[in-house]
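Below: one structure, written as structure tokens.
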Amino acid sequence: MSTSVIDPAACLKALVACPSVTPADGGALPYLDDVLNGLGFTTERLVFSEPGTPDVENLFARIGDGAPHLVFSGHTDVVPPGDEHLWQHPPFAADVADGVLYGRGAVDMKGGIAAFVAAASRFLDDGGTPPGTLSLLITGDEEGPSINGTVKLLDWALNQGNRFDAALVGEPTSRARLGDTIKIGRRGSLSGTVRVAGRQGHVAYPHHADNPVPVLIKLVNRLATIELDEGSEDFQPSNLEVTSVDVGNPAFNVIPAEATARFNVRFNDRWTADSLRDRIHHELADAAGGRDFTLDIVRPVSACFLTGPGPLTSALTAAIEAETAVTPDLSTGGGTSDARHFKAVCPVAEFGLVGTTMHQIDERVPLAELSALTSIYEGFLRRFFGAAGDA
């Protein structure tokens, strides 16, 4: 089978020109659908829904058959551009200046998708169908609620009989230069709300009221000073951050009826969701000194995960070293991503562009870096499937 070779810069320009601010698609997935069909992939466009959330478009593309089955995961949705007048180049114009492509999503993560599609086109053009299966699982719901995107698309793909042996997520993981970091795991994420009920009243007559604010201050202080652990062999220390304190009270002369605080914990493998909740509840109960409060944990909780050594990380590391002469760090730092949805399915790693301008005004990627990422992905595909072909 002969395929067309895709230019990564042209592919990225077309994707950036699609104003796919979550949950809008803006034409990004239809464009990818056409491109991947032209490369010989079988594609499925799916819309998932959930009450109280926007419908989201998704794309699954597949070529080849049997094991090993590699799936590339990415998202075409982007965060809002903010005040467009502050951009040097319009956020959806995909302007190129001095060898740099500007636009919302250029780094996070349309650049990763464009590079992988171009790499796949080269790989397929050279050898036809892979000795195994290659899939792309692309969502429009990573920057938003993440309810009608990867988690449902992955479940659908598994129910269709797909069995994945490895997953690569094209997030911009590189810190300072392309190739310096592969993410092989992430800490978990637990969010919660603490509420203290009181009795509303006039500030001049506090004996007729019950002010919940002083109690909440004690609880927030305890949350802010908890030392959960010192880290583990593979993960940095867990940290809890108070993200909101609110009484919903616009008046100076009214004691509020309720006070609330919200927090988030990024936790390592020393904790489970249940053990972490128990620890937090114990700390709050001690600080409350007998005063009633409620602790509500937002479900589901994202558990931490770690991908050990294997064909995925070895092929990716070798491809990076061959292209950049850089030996990447294998990191578990940073926040969550769609990689968490694959942790119970198959080994998963994340690798992509330098992320210093993602979500910023004038988000941008040097075209030389995009070209180098394409070469890394191509080398990775050859190594990953080459091992299967030699088996």
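The values are calculated or read from the model by the stated rules, or taken from the named source; none is laboratory data. Quick caveat, the model's predicted, so the values are computed rather than measured. Using ideal geometry, Cβ is built from the backbone for each residue, glycine included, and neighbour counts are taken over all protein chains shown.
Any idea which of Val265, Val254, Val348, Val298 is farther than 30 Å from Leu136 by Cβ and either buried (at least 18 other Cβ atoms within 10 Å of the Cβ) or within 17 Å of the chain's Cα centre (by Cα) (or both)?
Selected residue: Val265, the only one of Val265, Val254, Val348, Val298 that is farther than 30 Å from Leu136 by Cβ and either buried (at least 18 other Cβ atoms within 10 Å of the Cβ) or within 17 Å of the chain's Cα centre (by Cα) (or both).
So is Arg195 within 28 Å of Gly335 (Cβ to Cβ), part of a helix (DSSP H, G or I), touching a residue at least 60 places away in the same chain (Cβ under 8 Å) and more than 27 Å from the chain's Cα centre (by Cα) or not? So Arg195 does not fit the description; no.
None of Pro145, Pro131, Pro172 is assigned to a loop (DSSP other than H, G, I, E, B), in the same structural domain as Thr336 (by TED's automatic domain parsing), over 20 Å from Pro23 (Cα atoms) and at pLDDT below 95 except Pro131.
When you check Thr336 against the structure, is it β-branched (Val, Ile, Thr) and within 24 Å of Ser135 (Cβ to Cβ), yes or no? Yes; evaluated as a whole, the condition is true for this residue.
If we scan region 108-131, do we find a residue that is more than 27 Å from Leu316 (Cβ to Cβ) and of a type in the set (A, V, I, L, M, F, W, C)? No: region 108-131 contains no residue that is more than 27 Å from Leu316 (Cβ to Cβ) and of a type in the set (A, V, I, L, M, F, W, C).
Every listed requirement among (1) in a strand (DSSP E or B); (2) surrounded by 14 or more Cβ atoms within 10 Å (Cβ to Cβ); (3) within 22 Å of the chain's Cα centre (by Cα) is met by Phe92 save one, (1). The number of residues in region 169-183 that are farther than 16 Å from Gly74 by Cα and hydrophobic (A, V, I, L, M, F, W, C) comes to 2.
Looking at Leu312, Leu353, which is the one that is buried (at least 18 other Cβ atoms within 10 Å of the Cβ), touching an Asp or Glu at 6+ places or on another chain (Cβ under 8 Å) and under 29 Å from Asn58 (Cα atoms)?
Values: Leu312 fails: touching an Asp or Glu at 6+ places or on another chain (Cβ under 8 Å).
Only one candidate passes the filter, namely Leu353.
Each residue in region 10-25 was checked for being surrounded by fewer than 21 Cβ atoms within 10 Å (Cβ to Cβ) and of a type outside the set (Lys, Arg), and 7 of them qualify. The strands (runs of 3 or more DSSP E) found wholly in region 228-337 and carrying at least 1 residues that are farther than 30 Å from Glu171 by Cβ occupy 239-246, 258-267, 294-297.
Taken over region 58-70, the criterion of being surrounded by 24 or more Cβ atoms within 10 Å (Cβ to Cβ) and more than 16 Å from Gly40 (Cα to Cα) is satisfied by Asn58, Leu70.
If the condition is being under 25 Å from Gly334 (Cα atoms) and polar (S, T, N, Q), then region 238-295 contributes Ser238, Asn239, Thr243, Ser244, Asn264, Asn268, Thr272, Ser275.
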